[in-house]
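The block underneath contains the structure these notes are about, expressed in structure tokens.
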Amino acid sequence: MSDWKPKRFWKLAKGIATDAGFAVHLDDRPVRTPAKAPLVVPTQAMADAIAAEWDAQTEVIDPRTMPVTKGANAAIDKVRVQREEVIDLLADYGDSDLLCYRAAGPEALIALQADGWDPVLDWAANTLGARLFVGEGVMHVPQTAQALQSLRAEVAAFDDFALAAAHDLISISGSLVLALAVTKGALGPEEAWLKSRIDEHWQIAQWGEDEEAAMMEAAKKKAFEDAAKFYHLCQR
């Protein structure tokens, strides 16, 4: 196995306005994606954030510290080339949304889920025209075609960059509704994250916290917050 790692070769990274959007240059060299496409993003704010990530690298480039660059690469190399498949994948979460599957007991957990999730489902019904039904346990809860179509339309309205952000918000939380609430400003990322973890935090309160599980949750939370930041950076 090779020990080669990419090393810093530039003095200054900067966002550059172009006819196609906003590029990032390392000195005078434009950044490209892993698939060798030009890295051109929709806003100056995103280009500046990517440039800041590159400038923060020291001797060896660490992609794990570059979430905005990673998101832009995903939007260009993955979402753009399979957009309809991504839309279908994310819209399907509406038919199995986390918020629709409730515990049969104990009463305290039932109450926590209702307090945390019912207002968000009401928001989706009133704002998005998508009333979702709930049920106990893990058996599939059928939803109306109208509700699913409304949710799919919301997903399909995202551009490639917003769709890349939505992918992470939805897949990490398990909830299309929570993700849409974040993108529309109805919930902050922190509040949405906590709502997505009601079941897990209940278990921790009962049985204590596992160190490895806590580390995994912290990583997921950061990825969720990074996705929310990326979404807002791509808004013109």
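The values are calculated or read from the model by the stated rules, or taken from the named source; none is laboratory data. Keep in mind the model is a prediction, meaning the values are calculated, not measured. Cβ placement follows ideal geometry from the backbone for every residue including glycine, while neighbour counts extend to all protein chains displayed.
A few comments on the model shown:
- Where a residue in segment 122-144 is without any contact (Cβ under 8 Å) to a residue 24 or more places away in the chain and its partner, wherever it lies, is assigned to a loop (DSSP other than H, G, I, E, B) and surrounded by 12 or more Cβ atoms within 10 Å (Cβ to Cβ), with Cβ under 7 Å and at least six apart: A125/R131
- The residues on offer are L112, L99, L151, and the sole one that is within 23 Å of R197 (Cβ to Cβ), in contact with a Ser or Thr (Cβ under 7 Å, 6 or more places away or on another chain) and of a type outside the set (K, R) is L99.
- Pairing residues of segment 25-37 that are touching a residue at least 12 places away in the same chain (Cβ under 8 Å) with residues that are of a type in the set (V, I, T), at Cβ distances under 6 Å and at least 6 apart in sequence or on separate chains, gives H25/I16; V31/V24; T33/I76; A37/I76.
- I61 under 23 Å from the mean Cα position of the chain (by Cα) and on the phi < 0 side of the Ramachandran plot: no
- Test: residue in segment 79-98 that is touching a strand residue (DSSP E or B) at 6+ places or on another chain (Cβ under 7 Å) and either hydroxyl-bearing (S, T, Y) or in the same structural domain as A153 (by TED's automatic domain parsing) (or both): no
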